[in-house]
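In what follows, a single structure is set out as structure tokens and then discussed.
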Amino acid sequence: QKEVEQNSGPLSVPEGAIASLNCTYSDRGSQSFFWYRQYSGKSPELIMSIYSNGDKEDGRFTAQLNKASQYVSLLIRDSQPSDSATYLCAFPGNTPLVFGKGTRLSVIA
Amino acid sequence: GAVVSQHPSRVICKSGTSVKIECRSLDFQATTMFWYRQFPKQSLMLMATSNEGSKATYEQGVEKDKFLINHASLTLSTLTVTSAHPEDSSFYICSARDRDRASYEQYFGPGTRLTVT
């Protein structure tokens, strides 16, 4: 069964620091990975997709993928209180994405 | 782009009644849509996968006769909660995949908060 492991947190970082969120996955053959952000009481929002090994940057967000280690991470630079949310990583299953349970991030002002 | 809407955003109904939730892809066509349920402080739980023009595939433990799914067009899927009970109170979220994109990205609607009294 395909699985995604994430530390549930909460991960607390001070405002302006780098938040590092990590995820391991079970399917060695998976080619694409996604990070979603979910604010409390809201639905998930896709913030990053990554398909190849290495880093992908988008503004303050950097996704890192290491297929050999089956590891994907999300770095948030200059963390802001508005980044406080639950971050879900996901990869394709048979049809729907397989989601991790999410890591709750709290950015302290 | 890739906008998914849901209606209603919030609904309160009496126990024993039925509620229909609509999910629409506004700027893309979705052969496949997904329905999730999320209880407070818990993770997403996939209920079913619906494919346009065919029967939905339900996850283990989800009653297909209670949660009726209809995916009649490439932009609309509906979830009907029949004979709702208080334990069905939850946050229902749909998600869709763009038929014309090769990737597996799923785009979520804003969710429907159902309260059964």
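Here, each number is a calculation from the coordinates, and none is a lab measurement. Just so we're clear, the structure is a prediction, and the values are computed from it rather than from any experiment. Cβ: placed from backbone, ideal geometry, glycine included. Neighbour counts: every protein chain shown.
From the Kirkwood radius over Cα pairs of the stretch A:67-109, Stokes-Einstein at 20 °C and 1.002 mPa s returns a whole-number translational diffusion coefficient of 175 µm²/s. Dividing the radius of gyration of the alpha carbons in chain A by their Kirkwood radius gives 0.95 for Rg/Rh. If the Kirkwood radius is taken over C-alpha pairs of the stretch B:18-107, then at 4 °C and 1.567 mPa s the Stokes-Einstein diffusion coefficient equals 97 µm²/s. May I ask you to list the residues of the stretch A:15-53 whose amide nitrogen lies under 13 Å from a point 7 Å from Cα along the Cα→beta-carbon direction of A:Ser69? Output list for this probe position: A:21-25.
The convex hull of the Cα atoms of the stretch B:28-70, projected and averaged over all directions, covers 3.8 nm².
Just the Kirkwood number for the protein assembly as shown, please: inverse of mean 1/r across all distinct Cα pairs, in Å, one decimal. Working shown, then result.
On the way: mean 1/r = 0.0550 Å⁻¹.
Its Kirkwood hydrodynamic radius stands at 18.2 Å.
Expressed to the nearest 5 percent, the antiparallel share of DSSP beta bridges inside chain B is 90 percent. Pairs of Lys residues in the protein assembly as shown, spaced 8 or more positions apart or belonging to different chains, with C-alpha separations under 19 angstrom: 12 in total.
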